[in-house]
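The values are calculated or read from the model by the stated rules, or taken from the named source; none is laboratory data. The structure presented is a predicted model; accordingly, all values stated were derived computationally and were not measured. Counting neighbours? That spans all protein chains shown, and the Cβs are built from the backbone with ideal geometry, glycine included. The protein model used for the area step is the full one, side chains on, heavy atoms only, and it has no ligands, DNA or RNA in it. Shrake-Rupley method; radii C 1.70, N 1.55, O 1.52, S 1.80 Å.
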Amino acid sequence: MDEGKSIGFIGMGDMGKMYARRLSDAGWKVNACDLPDKYEGLVKEFEARPKVEIMRNGHLVSRASDYIIYSVEAKNIDAVVRNFGPSTKLGAIVGGQTSCKAPEIEAFQRHLPKDVSIVSCHSLHGPGVDPKGQPLVLIKHRASDDDFAFVEKALSCLGSKHVYLTREQHDRITADTQAVTHAAFLSMGAAWKANNQFPWEYPRYIGGIENVKINITLRIYAAKWHVYAGLAILNPDAKKQIKQYAESVTELFKLMLAGHREELRDRVYAARAAVFGHNGERGEKKELLLRDELLDQFSLGEIPEKRLKNNHLSLLAIVDCWWKLGIVPYDHMICSTPLFRMWLGITEYLFRNTTLLEECIDTAIEDNTFRKDDLEFTFAARDWSARVSLGNFDGYREKFEEIQTYFAPRFPEATKLGNEMIKTILEKTGGNENEKGVKYIPQG
Ligand SMILES: NC(=O)C1=CN([C@@H]2O[C@H](COP(=O)(O)OP(=O)(O)OC[C@H]3O[C@@H](n4cnc5c(N)ncnc54)[C@H](OP(=O)(O)O)[C@@H]3O)[C@@H](O)[C@H]2O)C=CC1
Ligand SMILES: O=C(O)C(=O)Cc1ccc(O)cc1
């Protein structure tokens, strides 16, 4: 295949392995390494795949491969490229899988020899999701058309939708989509833990869109902290979005506490008009992305006979945040992750249904049984924002892992349910169809 060209992977964690398996299945020769202590284990794991050669370090991968993908923690990218970059084969192509492109491309520019092309990628989904039909961002930073065509050809076996962006466009959009979405779900988990609650044990958190909140929160906490920390802390646009989200949560909660119904209502409707149109008519499709009946089946607890009301502070705040930052989330659909589509789906469900939105405002003002949940949610959103703004990786990790430990016993069940939920919803929302690549032109 392609006169014996080979693809290299530095970093054989979840994403590196997923790529290595799929590329070798498609017939490519793959050279791969992780840290030296993983060598023996990887050799064993890949012994049945003769197309995958496990090497002892990144120097060996770099000198032998025609296209090398760094698939390591974003926070380590500079150190790893500094170490192995100078060993890159003459005239090879180098790219990375990290979730924030400014530091990655800067590391390539600083440490790679000048004859090396730079084409980066970013699969906008986790390692457990079928890449078919999911967006795959490609960044032609420094490369000939032939080199870029080679990358497209090699990665075409993933069956993803190619989206062509610059690194700046990539980082802006993923701040709007991924970083702020994670901040919301991370805050829900933090608030439940702070109140010593397992939400599936409370009728108010069961069924419909509440299931999405629980399943996605647990899915995020079941994953690796560095993925979320990296894409939030290293992306300057993300800090701004997460800060605005925390401010929106705080300001809306204050209106609720003070019982300022009209002010709250005006603000919610102004945000709705900006994001969803005056009557909530703007959407991805005429039909809603998600509906309660579809979501009821993905429950970790018993569905109550009568659905309990919620003021959905987390959802009111995201629309307020989009409004304040001038973001129209539908503009980013082409670069959306499954989690972002779920998040937009439940938000849209609430905001395009005036009866539900009114019920939410009534609950916010009249029902004080939510106050302790909302108080902890507000603290949590502000605390995550502070840790991200300070660039505090250790502080991020400490908080993440504490909450991870709290929820860990339910991860196997929640992951299974979450996978089914995502699969069903992607099928319903047409998120898995395969299309030709798109050149993304951001609006505004
Ligand atoms: N998981 C996801 O959903 C997605 C992740 N990404 C991005 O892809 C990248 C990889 O993520 P993921 O696979 O999930 O993370 P993992 O932690 O599973 O994998 C990263 C691997 O790189 C290894 N590594 C670190 N330093 C070196 C080195 N010097 N030489 C060789 N290997 C090294 C790590 O070892 P050790 O653990 O011992 O440090 C680890 O095994 C990250 O930048 C992430 O942001 C992108 C899309 C989706
Ligand atoms: O879908 C999400 O937002 C995820 O959490 C999975 C994920 C994590 C990191 C990425 O760079 C891309 C996708």
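Key figures for this structure:
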read-out: Members of segment 76-90 found to be buried (at least 18 other Cβ atoms within 10 Å of the Cβ) and either farther than 12 Å from ILE10 by Cα or of a type in the set (Val, Ile, Thr) (or both), listed by number; value: ILE77, VAL80, VAL81, THR88, LYS89
read-out: Residues that are of a type in the set (Gly, Ala, Ser) and touching a residue at least 60 places away in the same chain (Cβ under 8 Å), drawn from segment 106-133; value: SER123, GLY126, GLY128, GLY133
read-out: Residue among SER156, SER187 that is open to solvent by 10 Å² or more (accessible area, probe 1.4 Å) and not acidic (Asp, Glu); value: SER156
read-out: Flag for ARG82 being of a type in the set (Lys, Arg) and within 28 Å of the chain's Cα centre (by Cα); value: yes
read-out: Residues that are assigned to a strand (DSSP E or B) and within 15 Å of ligand 2 (Cβ to nearest atom), drawn from segment 95-130; value: GLY95, GLY96, SER120, CYS121, HIS122, SER123
read-out: Selection status of VAL72, at pLDDT 95 or above and under 28 Å from ALA175 (Cα atoms); value: yes
read-out: Failed item, numbered, when ILE69 is tested on (1) within 9 Å of ligand 1 (Cβ to nearest atom); (2) under 19 Å from PRO127 (Cβ atoms); value: (1)
read-out: Residues that are within 28 Å of the chain's Cα centre (by Cα) and under 25 Å from LEU90 (Cα atoms), drawn from segment 29-65; value: VAL30, ASN31, ALA32, CYS33, ASP34, LEU35, GLY58
read-out: Positions within segment 382-407 being modelled with pLDDT of 95 or more and either not in a helix (DSSP H, G or I) or not assigned by TED's automatic domain parsing to the domain that holds GLU247 (or both), in sequence order; value: LEU390, GLY391
read-out: Filter pass, GLY133 being assigned to a loop (DSSP other than H, G, I, E, B), open to solvent by less than 10 Å² (accessible area, probe 1.4 Å) and either in the same structural domain as GLY96 (by TED's automatic domain parsing) or within 13 Å of ligand 1 (Cβ to nearest atom) (or both); value: yes
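For (1) of a type in the set (A, V, I, L, M, F, W, C); (2) within 23 Å of CYS100 (Cβ to Cβ); (3) touching a residue at least 24 places away in the same chain (Cβ under 8 Å); (4) within 14 Å of ligand 1 (Cβ to nearest atom), each residue gets a yes or a no:
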| site | (1), (2), (3), (4) |
| --- | --- |
| SER24 | no, no, yes, no |
| GLY27 | no, no, yes, no |
| LYS38 | no, no, yes, yes |
| GLY41 | no, no, no, yes |
| LYS44 | no, no, no, no |
| ASN57 | no, no, yes, yes |
| ALA64 | yes, no, yes, no |
| VAL80 | yes, yes, yes, yes |
| GLY85 | no, yes, yes, yes |
